[in-house]
Amino acid sequence: MERRLSEPVYKDKVLEVEPLGIEPVPAAERHGNPAHLFGLWFSANAEIATWMVGLFIAAFYGTDLASAAIGIVIGNVVGFGLLGVLSILGPKYGAPQMVVARLAFGRSGNAFPAALAFVAGVGWFAINTIFGAYALESISGLNYFLSLALMLLLQIALAVYGYNLIHVFERVSMWLLAAGFTLLLVVTFSKTSFAIPFNAHAPFAAGGAVAGFLYAMALSFSYATGWIPAAADYSRYLPKASNPRSVWWASFLGCAIPCIVLEILGAATVAALPGSNLSEAIPTDAIAQLLGAGLVAKLVLATVVLGTLTANCMNLYSGALAALVAFRVRVKRWIAALVVGVLGALISTGGGHPEQMATAYSNFLYLLSYWASPWAAVLLVDWYRRGARDGDVLDQPRWRPGFYAWIAGVIASVPFWNQSLYTGPFAKAFPQFADLSYYVGFVVAAIVMLALTRGRVSVVAEG
């Protein structure tokens, strides 16, 4: 059983290592304002990996800019709408997202998605570190591995200190990130042609213009689902009486605004550089083609480095929490963060092969949605069924209905998978529908969960 603290020892202290792990936050430790979530989520998503999503939509799948923009807006609104709902559970239960999930999955059933969340945290950390190391290499003149080592030290230090330092760092960084990416936006749109049509010669353009639009929704939604398993991690210290609507809006807008802008900006970059093979380009190469090597380019690359830090300290933090939930090890949170950082660092050493990064990143986004989309559906239904009733997230049976609904959703989605690692029979037969797996997985998991929990009294949520 995880320990419970009753005396405030951390509260709002910034330069002190967070003592809590995955146990619920005591009332004496609760602090903060829901509005703070906007700056935190804005900085976490104002990063080059977000921009790369839009670039891949246009470069890989040939999507025209107008269709890409519409698909990006829809995918982000749906994905981060779900994140906003799960963020509400942080103040309500005072526990990390993967601990709150025990209410729907049970202690043992919850270990499987928690393990996947841990893997996702390691994967995101590695991918973002590679992008940041490339940018730091371009600015400083250091070689890739020295740049990588410096990025790792800074990111791990933030994650080790924990919740309060991360919140403050993210809120301060928001203004610098907004300024840096605004420079990139101005230059990009000054060179972008909005009339460039669907590119049938793109590497994965099978299925035509409609498929390109559907891929835009799929990739943007997939990126959003990467944060959903960590939603409550950053709201759990808020007072229990925090307004749920304020929590939802701050979380939703903090994520959706930078993601929509940067993903559309990434797609516009392809239109601004016609004839360039950006499907195999690393971020620094694309920025160099667009901005050259002057002061503006260096400022944007410095923004990339900062964005890597803001995203990755959270990937490390949430990855460590997920590891503690999945493997039930009795170690301090900061030690788990170090372990996640070391694993991510080992993967990051492979970043010296940029030609392999684009395909790996695209596949990683899809793999996230394959499990996270039905997982989110289960929690959404459980939240609807449970309503305002409290539950002890630590004292749960081994298995609950959510696990079986989740498995059903994942299995039902397999025929619709559509990526280079595996293409399901439906996707092969109907390439014009792109990848529908996350729709199918979400709907099936929700229906099964509703059926398995039939008979529970639904209570209207407070707030």
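Bear in mind these aren't lab numbers, they're just calculated from the coordinates by the rules spelled out. Remember, it's a predicted structure, so these values are computed and weren't measured experimentally. With ideal geometry, Cβ positions are generated from the backbone for all residues, glycine too; neighbour counts draw on all protein chains shown.
Can you give the percent of C-alpha pairs in the chain whose distance is more than 42 Å? Tail of P(r) above 42 Å: 11 percent of Cα pairs.
Spatial offset of the stretch 156-219 relative to the stretch 290-333 amounts to 15 Å, using the alpha carbon center of each. Here the simple spin-label model places points 7 Å from the Cα toward Cβ, and for L154 and V14 these points are separated by 1.8 nm. Could you give the angle, 0 to 90 degrees to the nearest 10, between helix 208-225's Cα long axis and the longest principal axis of the Cα atoms of the chain? With both axes taken from Cα atoms, the answer is about 40 degrees. Rounded to the nearest Hz, the phi-derived 3J(HN,Hα) couplings of the stretch 34-43 under the Karplus curve 6.51 cos²θ - 1.76 cosθ + 1.60 (θ = phi - 60°) are x, 4, 5, 5, 4, x, 4, 6, 4, 5, where x marks glycine and proline.
With only Cα atoms counted, the stretch 1-144 has Rg and Dmax values of 19.3, 57 Å. In terms of the mean number of neighbouring beta-carbon atoms within 10 Å, the peptides 60-66, 188-194, 332-338 order highest first as 60-66, 332-338, 188-194.
Take the Cα of F327, step 7 Å toward its Cβ, do the same at Y422, and the gap between the two points is 2.4 nm.
Label zone (L183, point 7 Å along Cα-to-C-beta; backbone nitrogen cut-off 16 Å) within the stretch 133-151: 135-141. Estimated from helical segments only, the mean residue ellipticity of the chain at 222 nm is -22500 deg cm²/dmol, where each DSSP H run of four or more residues counts as -39500 (n - 2.57). The angle between the Cα long axis of helix 333-348 and the main principal axis of the chain comes to about 20°, on a 0 to 90 degree scale. Towards the positive end of the charge dipole of the chain, with charges on Cβ (+1 Lys, Arg; -1 Asp, Glu), say which of P401, F430, I72 has the farthest Cα. Of the candidates, P401 comes out farthest on the positive side.
Summarising the label geometry, the points placed 7 Å from Cα in the beta-carbon direction at A429 and A451 lie 2.1 nm from one another.
A protection proxy built from the mean count of other Cβ atoms within 10 Å ranks the segments 301-313, 199-211, 401-413, most packed first, as 301-313, 401-413, 199-211. For G75, what is the net charge nearby, where nearby means another residue's Cβ is under 13 Å from its Cβ and Lys, Arg count +1, Asp, Glu -1? Cβ neighbours under 13 Å give a net charge of -2. Computed extension length for R398-N33: 128.0 nm, one decimal, from 0.36 nm per residue of separation with the Cα-Cα distance subtracted. Helix 111-140 and the long axis of the chain differ in direction by around 40°, with both axes built from C-alpha atoms.
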